[in-house]
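Notes for the one structure printed next.
The values are calculated or read from the model by the stated rules, or taken from the named source; none is laboratory data. The model shown is predicted, which means the values in this text are computed figures rather than measured ones. A quick note on method: Cβ atoms are made from the backbone with ideal geometry, for glycine too, and the neighbour counts reach across all protein chains shown.
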Amino acid sequence: MSQVVIVAFGPEREFELTVSDSETAGLKKDEARAWLAKEFEALECTPSNPMGKVLVLDMILNVAKYGGEARFAENGPWAQRFAAVTAAALERPVVRVDIPSFTVG
């Protein structure tokens, strides 16, 4: 069963990425978190929590935000990998990453 990750940057600026079972097969939560952490650092994201602890939802939101709308618009390998690790980390059939509201639902 495939999963869907929607990344929204605003009205009419939503990108829907479908993640197949083969993309998440064998991808463990800790591997997904490690990829997000690596990208979080590479993109020089700012932690949401002033105490320094970065939760997986914060990583997802910030990596999407700092990764930028253009990466999702082109729907290349980076966007697909983001969708796969997000799907694996959260284990939900549909995930909506809303950048303006800074929420994951």
Residue count, the stretch 83-105 (criterion: of a type in the set (Asp, Glu), under 21 Å from SER22 (Cα atoms) and surrounded by 16 or more Cβ atoms within 10 Å (Cβ to Cβ)): 0
Looking at the stretch 60-82, can you tell me whether even one residue there is in contact with a Pro (Cβ under 7 Å, 6 or more places away or on another chain) and either of a type outside the set (S, T, N, Q) or surrounded by fewer than 19 Cβ atoms within 10 Å (Cβ to Cβ) (or both)? no
Regarding the stretch 43-53, can at least one residue be identified that is farther than 15 Å from ASP98 by Cα, among the basic types (Lys, Arg) and more than 13 Å from the chain's Cα centre (by Cα)? yes
Could you please tell me which pairs satisfy a Cβ distance under 8 Å, a separation of 6+ or placement on different chains, a first residue in the stretch 5-26 that is modelled with pLDDT of 95 or more, and a second residue that is part of a helix (DSSP H, G or I) and surrounded by fewer than 14 Cβ atoms within 10 Å (Cβ to Cβ)? PHE15/ALA73
When the stretch 25-39 is checked residue by residue, the ones that are of a type in the set (Asp, Glu) and crowded, with 19+ Cβ neighbours inside 10 Å are GLU39
Filter the stretch 49-82 for residues that are at pLDDT 95 or above and among the β-branched types (Val, Ile, Thr); the one that is farthest from SER20 (Cα to Cα) is VAL63
